[in-house]
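S.K.: Quick one: the structure is below, and I'll ask about it shortly.
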Amino acid sequence: MAETLLTLQQLSKSYGPAQAVRSIDLTIEKGEFIAIMGPSGCGKTTTLRMIAGLEKPTSGEIRLRGRLMNDVRPWERDTPLVWQSLALFPFLSVQKNVEFGLKMRGMSAADRRQRAMQWLERLGIAEFATRDVATLSGGQRQRVALARALVTEPEILLLDEPMSALDAHLVVRMQAELIRLHRELGITFFYVTHSQSEAFAMASRVVIMNGGRIEQAGPAKDVYRNPVNRFVAGFVGTNNIMSGRVEAASDGRVTVATPAGRFTAPLPKANTPSVGDQVDYVVSADSIAIGPAGAANTVTGNLVSEQFIGSVVTLFIEGPSGVELRVQKPQRDVAALELEPGRPLAIGWDTANAYILPA
């Protein structure tokens, strides 16, 4: 049976008239890897800082294992934070940086050194124990920051965009490192990030925030494939969203008239629309085929441009009424088609690969 570790109840934070976090509710179980995403200013970092004790809630409650934490001072909480800037002490060696939290807890020098060295070895940086942190690479400093946070063996670790300053190849390595540590230690991770790739690669549950509120929370695959509203659909993945009007809704299928054409999607089991309702028609860019044969939904438009990202290419297509549609395919598949900007291009998708949301 799942064990509740952290509970946020009607948690709010205001700065004068500005509301950064608006009455959010969230329950986090022991051992979870939670990733919080959202646009800048959505409240995710403020939420993290309230859990860490660096900001006091305006209203609501934070409970750790049932204990009310609102007025508990940061250094008295078992919630270490790995900062975006890492915030290492430049005047201390690697080992002394890692020992710092233990020193504040009154642990003896010998025990501090032993525990710190154990964690430096675990993270593969024991050879740098006596080095000045300023002489280390970005990835090495990241590991020092993790060791400093984990050396106290907390129940929950808070991470505020810890990989935003790392090179792309280091990000991939650190993702693997965090996944390994989470699996081996069983510590709950509460991870704030702008990066969808980081969140979907590592988290057991993803929380999407906007305007200080939680829009959706759930397993990464569910959030990606089944967004609950237009904001989430536009924020995650690469979805094409078209506003339209329901023309028919029967036999398990709904037909929607949009500026780009008439398209079909499965009839939702909940919030079933009626003829005449305004809805948002959504189809993911990676669900669209080029030159479809027998697809239920087809569009012919002009190829405007291509965006090449590693092994994946995003095609930008201008459809009827100037509607922009995006198609994502492996680079090798696109290269074989020898496409040219300005040329007509037929695309299509199956009914099962689309869905509708209330407008």
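S.K.: Across the range 78-102, which residue is modelled with the lowest pLDDT among those that are among the small types (Gly, Ala, Ser) and over 20 Å from GLU155 (Cα atoms)?
M.R.: Selected residue: SER85.
S.K.: With respect to the numbered conditions (1) crowded, with 16+ Cβ neighbours inside 10 Å; (2) closer than 24 Å to LEU64 by Cβ; (3) out of contact with any Phe, Trp or Tyr (no Cβ under 9 Å at 6 or more places or on another chain), which one is the sole condition not fulfilled by VAL151?
M.R.: (3)
S.K.: Which condition does ASP277 not pass, out of (1) acidic (Asp, Glu); (2) farther than 21 Å from ILE51 by Cα; (3) touching a helix residue (DSSP H, G or I) at 6+ places or on another chain (Cβ under 7 Å), if it passes all the others?
M.R.: Of (1) acidic (Asp, Glu); (2) farther than 21 Å from ILE51 by Cα; (3) touching a helix residue (DSSP H, G or I) at 6+ places or on another chain (Cβ under 7 Å), only one is false for ASP277: (3).
S.K.: Of the residues TYR191, TYR224, only one is among the aromatic types (Phe, Trp, Tyr), within 26 Å of LEU6 (Cα to Cα) and out of contact with any Leu (no Cβ under 6 Å at 6 or more places or on another chain); which?
M.R.: None of the others qualify; the one that does is TYR224.
S.K.: Further question on the same structure: Being of a type in the set (Lys, Arg), out of contact with any Cys (no Cβ under 9 Å at 6 or more places or on another chain) and modelled with pLDDT of 90 or more: is that true of LYS269 here?
M.R.: Here the answer is no, as LYS269 does not meet what is asked.
S.K.: Restricting the first residue to the range 133-144 and requiring it to be surrounded by fewer than 17 Cβ atoms within 10 Å (Cβ to Cβ), which pairs with a second residue that is in a helix (DSSP H, G or I) meet a Cβ separation below 8 Å and a spacing of at least six or different chains?
M.R.: GLY138/LEU170
S.K.: Has the range 61-80 got any residue that is closer than 20 Å to MET163 by Cβ, touching a residue at least 40 places away in the same chain (Cβ under 8 Å), assigned by TED's automatic domain parsing to the domain that holds ARG112 and in contact with an Asp or Glu (Cβ under 8 Å, 6 or more places away or on another chain)?
M.R.: Checking the range 61-80: not a single residue is closer than 20 Å to MET163 by Cβ, touching a residue at least 40 places away in the same chain (Cβ under 8 Å), assigned by TED's automatic domain parsing to the domain that holds ARG112 and in contact with an Asp or Glu (Cβ under 8 Å, 6 or more places away or on another chain).
S.K.: Could you tell me which residue of the range 124-169 is modelled with the highest pLDDT, considering only residues that are assigned to a helix (DSSP H, G or I) and charged (D, E, K, R)?
M.R.: GLU127
S.K.: Can you tell me how many residues in the range 1-41 are of a type in the set (Lys, Arg) and either within 28 Å of ALA201 (Cα to Cα) or in contact with a Gly (Cβ under 6 Å, 6 or more places away or on another chain) (or both)?
M.R.: So the count comes out to 2.
S.K.: Mind checking which residues of the range 178-188 are surrounded by 16 or more Cβ atoms within 10 Å (Cβ to Cβ) and in contact with a Gly (Cβ under 9 Å, 6 or more places away or on another chain)?
M.R.: Of everything in the range 178-188, those that are surrounded by 16 or more Cβ atoms within 10 Å (Cβ to Cβ) and in contact with a Gly (Cβ under 9 Å, 6 or more places away or on another chain) turn out to be HIS182, ILE187, THR188.
S.K.: Does the range 259-276 hold any residues that are assigned to a strand (DSSP E or B) and hydrophobic (A, V, I, L, M, F, W, C), and which are they?
M.R.: Result: PHE263, ALA265.
S.K.: Assess whether VAL279 counts as being over 29 Å from the mean Cα position of the chain (by Cα) and either more than 30 Å from LYS30 (Cα to Cα) or in a helix (DSSP H, G or I) (or both).
M.R.: The answer is no for VAL279.
S.K.: Then there is this: Could you please find all residues in the range 282-291 being crowded, with 17+ Cβ neighbours inside 10 Å and in a loop (DSSP other than H, G, I, E, B)?
M.R.: Answer for the range 282-291, where residues must be crowded, with 17+ Cβ neighbours inside 10 Å and in a loop (DSSP other than H, G, I, E, B): just ILE288.
S.K.: Where the second residue is surrounded by fewer than 17 Cβ atoms within 10 Å (Cβ to Cβ) and β-branched (Val, Ile, Thr) and the first is in the same structural domain as PRO341 (by TED's automatic domain parsing) and lies in the range 304-316, which pairs have Cβ atoms under 7 Å and are six or more apart or on separate chains?
M.R.: Correct list of pairs: THR314/THR238; PHE316/VAL304.
S.K.: Kindly indicate whether GLY261 is surrounded by fewer than 20 Cβ atoms within 10 Å (Cβ to Cβ), touching a residue at least 60 places away in the same chain (Cβ under 8 Å), on the phi > 0 side of the Ramachandran plot and touching a Gly at 6+ places or on another chain (Cβ under 9 Å).
M.R.: So GLY261 fails the test.
S.K.: Do we find a residue being among the charged types (D, E, K, R) and either at pLDDT 90 or above or under 25 Å from GLY43 (Cα atoms) (or both) anywhere in the range 176-197?
M.R.: Scanning the range 176-197, I find no residue that is among the charged types (D, E, K, R) and either at pLDDT 90 or above or under 25 Å from GLY43 (Cα atoms) (or both), so the answer is no.
The values are calculated or read from the model by the stated rules, or taken from the named source; none is laboratory data. None of the values given here were measured: they were computed from a predicted structure. Please note: Cβ atoms are built from the backbone with ideal geometry, for glycine as well, and neighbour counts cover all protein chains shown.
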